[in-house]
1. Evaluate region A:112-130: report whether one residue or more is farther than 18 Å from A:SER36 by Cβ and more than 14 Å from chain B (Cβ to nearest Cβ).
2. Quick one: is B:ILE366 under 24 Å from B:ILE215 (Cα atoms), surrounded by fewer than 19 Cβ atoms within 10 Å (Cβ to Cβ) and under 21 Å from the mean Cα position of the chain (by Cα)?
3. Residue check, A:VAL99 against (1) aliphatic (A, V, I, L, M); (2) within 28 Å of the chain's Cα centre (by Cα); (3) assigned to a strand (DSSP E or B), all met but one. Which one?
4. Going through region B:146-182 one residue at a time, which ones are of a type in the set (Ser, Thr, Tyr) and more than 14 Å from every other protein chain (Cβ to nearest Cβ)?
5. May I ask you to say which residue of B:LEU134, B:LEU178, B:LEU143 is hydrophobic (A, V, I, L, M, F, W, C), surrounded by fewer than 23 Cβ atoms within 10 Å (Cβ to Cβ) and under 30 Å from A:ALA278 (Cβ atoms)?
6. When only residues in region B:4-20 that are loosely packed, with under 10 Cβ neighbours inside 10 Å and β-branched (Val, Ile, Thr) count, which is modelled with the lowest pLDDT?
7. For A:CYS108, only one of the following conditions fails: (1) out of contact with any Cys (no Cβ under 9 Å at 6 or more places or on another chain); (2) crowded, with 17+ Cβ neighbours inside 10 Å; (3) closer than 30 Å to A:VAL262 by Cα. What is its number?
8. Output the qualifying pairs, or none if there are none: Cβ atoms under 9 angstrom, residues six or more apart or on different chains, first residue in region B:226-239 and charged (D, E, K, R), second residue part of a helix (DSSP H, G or I).
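The values are calculated or read from the model by the stated rules, or taken from the named source; none is laboratory data. From a predicted model like this one, the values you see are computed outputs, not experimental measurements. Cβ placement follows ideal geometry from the backbone for every residue including glycine, while neighbour counts extend to all protein chains displayed.
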Amino acid sequence: MKRRKFIGLLAGAGACLAASPAAAGGAQHFEGYPDSFGVLFDSTKCIGCRKCEAACNKVNELPAQKIPFDDLAILETKRRTHHDTFTVVNKYDVDGHPVYRKIQCNHCLEPACASACFVGAFVKDKTGAVHYDAKKCVGCRYCMIACPFEIPTYEYHDPVTPRVRKCTLCQSRIEEGKLPGCVEACPKGALVFGRRVDLIKIARERIRKHPNLYVDHIYGEREMGGTSWLYVSGVPFERIGMREDLGVTPAPELTSGALAVVPAVVGLWPVFLTGAYALTKRREKIAEEERKHAVAEAVSNTEAEAARKLKAAMDKAERDKQAAVDREVKKALKEAEEARKKAESAESGDQ
Amino acid sequence: MSHHTTPTKSFWTPANIITAVILLIGLVLTVKRFTMGIASVSNLSDDNPWGIWIGFDLLCGVALAAGGYTTSAAVYLFGMKQYHSAVRPAITTAFLGYAFVVFALMYDLGRYYRLPYPLTIYPGPTSFLFEVGLCVALYLTVLAIEFSPAVWEALRWKKIRHLVHGLTLILTIFGVILSTLHQSSLGALYLIAPSKLHPLWYSPYLAMFFFVSSIPAGLSMVIFEGGLSHKYLHHKMDETHLAESSGVTLGFAKAASVVLFAYFILKWIGVALGNNWSLLFTGWGAWFLFELIGFVLVPCLMYAVAAREKNEKLAFWASIVTVLGIVLNRLNISLVAFNWQLPLESRYVPAWEEIMITVFIVTLEITVLRFCLHKLPILHEHPEFKGAH
């Protein structure tokens, strides 16, 4: 494969990988479906009778409870939702007075569970319900990690077909024109069902009319980007176990920034890495050429040196030879001279 | 473990007996998990949906398998050919590491048989878990291909081995991209839960922390496993591996030291960004400093000294401290500092069965790794493929 073609393929793969998360993570402001429903809970009216719990158990066909719903002693313990209880009422002691608070799925406008789910098993329905589809669920339980209200629960005891369980807002009953089970059962009007926009008006009106009875805050109007369940209370919400430090950022916005980096990584890494590879190759090539050059130079240097040495040796040998010849000639001449002198002296002695 | 040094000795050495016992208990618990449900073998609850199977098996498993992409990138992309003999052992451990991460996930997923759903019929691309799943699946495939030449060589299938070898560059680049994405995404999983993770560990930089720390994690695992191989599998290593191993150890020690220091600084930038200075003086702050100084700064300095003084033993110890530090960090984020606001009685402590299943999976992985190192040309070159790189 040609390198250029390869990079093209990578870029294409990157675009595919990146396109959908970037779009989904885009920080568009979502105000919620305009006519979606919700429920307003008024803690000043709740008497902790647990009728809503009983109704919830009945309409959702949940297993029978060990402790009957008319046993109010259970209110003394802090409870949370479980796979067989979609809603619970807890009692809080605020300066010696009991204050009750109902817990169930808040049906966020931009749900953390839906953002976290990697198979899209949670959908915000136009009725306002956050709908869970057990047919898609793989059972990773990331929704439970993500939910800031600690609502989704799991059927850990089921080995084959465990489901996430949570309040459905009685979506099917709403579609039939009925009230959610808990709202219908409430004897004190602590729960009001209606269009969310209307519920906010009702809540404001109550706070305006009775400023000494309510704290000036509608919990759920803006928490985590807003929820379909809304709460008004006579005491600060943190004193009835509701977190006031969650902020107003919708959950999807917490991850959209990091998700936006994904296309950058997919786009830039191949370029940088191929570049690094090319640089490495080039460095190796240059090093190789330099090495070859150095070797060639060394070889020619060595050769020249060898030639010079050879010549020097030859010259020296030549000189030595000449010297030896000279010496021998000299020696021979000297010997001849001596012989001649000897002969001469012998001749003169004879005379 | 010693049956190979003395082939006549019985198979039932102490190490093999312990392995067999662990595997047996693991099998029994596996049957229990898949017939009686997650609740029968774990303390997972509605408050604590993720336990050690995610915190250790997944988060630590993936971080500690980072040796694959770091080593192959160093050798094939950045031209550090002197570390070539480290590539195959690193790829082998990475491949087995990821394979067993997926295997361990089967225990944790309620409907494990639907694992392909997010990648096939019901994609949920707004989730960081989707990105983790996609990248891990693709990377496991890449690692399988990168690992396969060891098998082809053992089988003497020269043509396919040659074909795979031709893909090295592409596979390495893919490996780095996919690793960058899923290593960081594992940290980004927690971005959605700022109200549950302690602010000293929660940071918009979580993704970067996880990616950057995966580099020394991978390098340290290569050093650590190299040290162990040297000790226990000396006879399986050929001259090239033996000759290069000290270079690999010291070179990687230097790199790990540099990256650990960068990570140390990044973590402080994280504290500054969240303006969490006052939290440092709480009990959680002490625990945070214990992790950051004891298991990031200390091994960083140990590595620096080891590289400077060419002290392989010190580098080996530094690798152990680094690995423990990565495990501590991942467990802090997923378990210890997660749900920190819950009352003590609602906090998670793993059940013994959960721990035992994790021990079982790790033992199984080590057993398979030992088998591979003994039977395949990983620590030595196959005689018929010598120098064919």
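1. For region A:112-130, residues farther than 18 Å from A:SER36 by Cβ and more than 14 Å from chain B (Cβ to nearest Cβ): absent.
2. Yes, satisfied.
3. The number of the failed condition is (2).
4. Within region B:146-182, just B:SER148 meets the criteria.
5. Result: B:LEU134 is the single residue among B:LEU134, B:LEU178, B:LEU143 that is hydrophobic (A, V, I, L, M, F, W, C), surrounded by fewer than 23 Cβ atoms within 10 Å (Cβ to Cβ) and under 30 Å from A:ALA278 (Cβ atoms).
6. Ranking the candidates gives B:THR6 first.
7. (1)
8. Final answer for the pair search is B:LYS236/B:SER229; B:LYS236/B:LEU373; B:LYS236/B:HIS374; B:ASP238/B:SER85.
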